[in-house]
1. So if I check each of A301, A250, which one is exposed (fewer than 14 other Cβ atoms within 10 Å of the Cβ), out of contact with any Gly (no Cβ under 9 Å at 6 or more places or on another chain) and at pLDDT 95 or above?
2. What is the residue count in the range 68-121 for residues that are touching a His at 6+ places or on another chain (Cβ under 6 Å) and either outside any loop (DSSP other than H, G, I, E, B) or not small (G, A, S) (or both)?
3. Can you work out which of the residues in the range 337-364 that are touching a strand residue (DSSP E or B) at 6+ places or on another chain (Cβ under 7 Å) and in a helix (DSSP H, G or I) is nearest to L264 (Cα to Cα)?
4. What's the number of the only condition in (1) among the small types (G, A, S); (2) more than 28 Å from I69 (Cβ to Cβ); (3) at pLDDT below 80 that S236 fails to meet?
5. Which of the following residues is crowded, with 17+ Cβ neighbours inside 10 Å, assigned by TED's automatic domain parsing to the domain that holds C23, at pLDDT 90 or above and more than 15 Å from C23 (Cα to Cα): V215, V211, V172?
6. So V367 ticks every box in (1) under 17 Å from L418 (Cα atoms); (2) β-branched (V, I, T); (3) not in a loop (DSSP other than H, G, I, E, B) but one. Which box is left unticked?
7. From the residues in the range 391-414 that are farther than 20 Å from P40 by Cβ and of a type in the set (D, E, K, R), which one is surrounded by the fewest Cβ atoms within 10 Å (Cβ to Cβ)?
8. Please go through the range 96-108 and pick out each residue that is under 9 Å from F61 (Cβ atoms) and of a type in the set (A, V, I, L, M).
Amino acid sequence: MARVFISATHKSSGKTTVSIGLCAALHAQGLRVQPFKKGPDYIDPLWLGAASARACHNLDFNTMTADEIIHTVQRYSLDADIALIEANKGLYDGMALDGSDSNAAIAKLTRSPVILVVDSRGMTRGIAPLLLGYQAFDREINIAGIIFNRVGGARHASKLRESVEYYTDIKVLGAVQDNPEMAIEERHLGLMPSNESGEAEAQIARIRDLVAEQVDLGGVREIAANAVPLTPPAPSPSRGEGEQEKNLLAPLPLRERGWGEGFLKIGICQDPSFGFYYPGDLEALQQAGAELVPVNTLKDAALPEIDGLFIGGGFPETHMQQLAANVSMRESIRAAIDNGLPTYAECGGLMYLSRSLVWNGQQAEMVGVIPGDAVMHKKPQGRGYVKLQETADMPWPGGDGNAIINAHEFHYSRLENLTAQGKFAYRMQRGTGIDGQYDGWIYRNLLASYTHMRDTAQFRWAQRFVEFIRLNSTRKLTS
């Protein structure tokens, strides 16, 4: 299994842009490129997935065991020619002092050779001691290559190359010139998501061509091909011994789960406003017996015939006027939730279901089933990993009130002017949630939270949500 780990010496070195370019350039060579991203991020995986034409999967120590991480890499790389894992922040950065959750730990766990992307502005000979220090810090990490980024010109690139080749044994793979055409638009929460950018395809093509011209793609492939072999894929931690892998592209009939005939239909809001979904979570919903039905909150007039609704995260604030203008969809969703439609909403979805959204001095009416206003602030109101415990009010079956659920939040909005006291599904052990103490607003069969969940062995939310829908479905299921 050819694979490579793309990291950097520090955050904002340009490794995401270079990784996008590598994925697109290798894909253009006819290779099947499987991307992965370290951490819980949604935006970078959207770009990596678009560049490689394959869904990007996250590798996150916070929500996954080491076995799950290895299994994820093995499973989704089985039919790929090369796997590319992109780090977050610097190679040795992480929350734990011992580095057990760092990027280097992922590289070590997956036995992947590392290519460092180094922001070379203001550096020449000094790059050598920097690289030597990175090599010496952990001898088990194989730093096999380097890509100079934001290089000032040919003379600058030549000095960098000479220093690295004279003082180290690290292969120089290229020098990417400082070029505004490589930039992806940024805003209040980071990179513009590719699902929102009408120019995404053209921008990926520009980055692809620039990277292909300035990076030795053959050298990258050679390093990836020399990755230490991993053991054959083990059974998924979520399955029993000997259980066959299922086709994840199609939903399982409910009769295979012993739930009667037909499929449960779950509407999933996928449009420029809402695009934060983990591919593995969507597959888990399908495996639990759901057929996913796309819903466009900006253009569709009303909800289709569905048994449940999932509104993921995103940036509703950047499309708040369009969302407000689609009155028929807002009324359709409100009526459905008022009538008991099982609904799950995360972060941006919670904001959409609030009474109104306030941003940059403007206010727009939203769905209105949550009696509060989602008010955007200049600084994050909740950011980072969270720990939750379910309360006695959690409506989904199969819970354990004593279990700690690891997840994450990243929101600049806060629910304000709440005019009713609500019930909550989660008690915050760490993090902010809705009010600093609780998260998971409950109304009828709605659960809406700022927390982003991940369906892994520690919290099988997808299966529980589907079971909750089944218990509350009013639509007659047919085979």
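The values are calculated or read from the model by the stated rules, or taken from the named source; none is laboratory data. Treat the numbers as computed from the prediction; the structure is a model and nothing was measured. Heads up, the Cβs are rebuilt from the backbone with ideal geometry, glycines too, and the neighbour counts pull from every protein chain shown.
1. Values: A250 fails: at pLDDT 95 or above.
The conditions single out A301.
2. Let us first name the residues in the range 68-121 that are touching a His at 6+ places or on another chain (Cβ under 6 Å), namely 72, 76, 90.
Next, from what is left, pick out any that are either outside any loop (DSSP other than H, G, I, E, B) or not small (G, A, S) (or both): 72, 76.
Here the count works out to 2.
3. First pass over the range 337-364, keeping only residues touching a strand residue (DSSP E or B) at 6+ places or on another chain (Cβ under 7 Å): 337, 341-359, 363-364.
Imposing the further condition that a residue be in a helix (DSSP H, G or I) reduces the set to 337, 348-353.
On the way: I337: 17, G348: 24, G349: 21, L350: 23, M351: 26, Y352: 24, L353: 23 Å.
If we take residues in the range 337-364 being touching a strand residue (DSSP E or B) at 6+ places or on another chain (Cβ under 7 Å) and in a helix (DSSP H, G or I), then I337 is nearest to L264 (Cα to Cα).
4. If we test S236 against (1) among the small types (G, A, S); (2) more than 28 Å from I69 (Cβ to Cβ); (3) at pLDDT below 80, just (2) comes out false.
5. On the way: V215 fails: more than 15 Å from C23 (Cα to Cα); V211 fails: more than 15 Å from C23 (Cα to Cα).
Just a single option satisfies the conditions, and that option is V172.
6. Failed condition: (3).
7. Step one: of the range 391-414, the residues farther than 20 Å from P40 by Cβ are 391-402, 414.
Going one step further and asking which of them are of a type in the set (D, E, K, R), we end up with 393, 400, 414.
On the way: D393: 14, D400: 11, R414: 18.
Step by step, filter the range 391-414, then rank; the result is D400.
8. Selection gives A96, A105, I106.
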